[in-house]
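Reviewing the structure listed below.
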Amino acid sequence: PLSVDGWFSWFVAPPPDSDEQHTWYLDGSMLDGTWAEYRTAGFGIVVVAPDRSLAAYGHGVPPNWCRTAAAAEAWALHIALMHSPFPPKL
């Protein structure tokens, strides 16, 4: 079943000392976009520390009204802004 509200889960959450120097990478994607009945969208977020080490990463599924890869990526931006105490460097 389609997710009405979407969801996001960190595999590794950002450390409490993460700041404006950390870079957030977002990616939205669509699987089986040709067949409307089988389309599924998802997104990932990766946070990299200033020393280029991996600080955090997670994945999620946008709400069911996000029906394109571009919409999934826009939803990833929304989630990144919700999970960061400041506008992150993207």
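So between TRP7 and LEU77, what do we pick up on full extension, going 0.36 nm a residue minus the alpha carbon distance? Could the numbers behind the result be given before it?
Values: separation 70, 0.36 × 70 = 25.20 nm, distance 1.34 nm.
In short, 23.9 nm is gained.
Would you mind checking the radius of gyration and Dmax of the chain based on alpha-carbon positions, in Å?
Spelled out, the Cα radius of gyration and Dmax of the chain are 13.8, 44 Å.
Tell me the per residue accessible area of the chain using a 1.4 Å probe; a whole number in Å² is fine.
Numbers: 5760 Å² over 90 residues.
Ligands and nucleic acids excluded, the figure is 64 Å² per residue.
Identify, among THR23, PHE43, LEU54, the residue whose Cα sits farthest towards the positive end of the charge dipole of the chain, taking +1 on the Cβ of Lys and Arg and -1 on the Cβ of Asp and Glu, with the dipole about the Cα centre.
So the residue furthest toward the plus end is PHE43.
Tell me, what % of the accessible area of the chain is carbon and sulfur with a 1.4 angstrom probe? Intermediate results must be reported in sequence, preceding the final value.
On the way: 3350 of 5760 Å².
The C+S portion of the solvent-accessible surface of the chain is 58 percent.
Nearest 10 degrees, 0 to 90: what angle lies between the long axis of helix 69-83 and the longest principal axis of the chain (Cα atoms)?
Around 40 degrees separate the two axes.
The values are calculated or read from the model by the stated rules, or taken from the named source; none is laboratory data. Predicted model only: the values in this text are computed from it and were never measured. All Cβ positions, glycine included, derive from the backbone under ideal geometry; neighbour counts span all protein chains shown. Heavy atoms of the whole protein, side chains included, go into the accessibility calculation; ligands, DNA and RNA do not. Shrake-Rupley method; radii C 1.70, N 1.55, O 1.52, S 1.80 Å.
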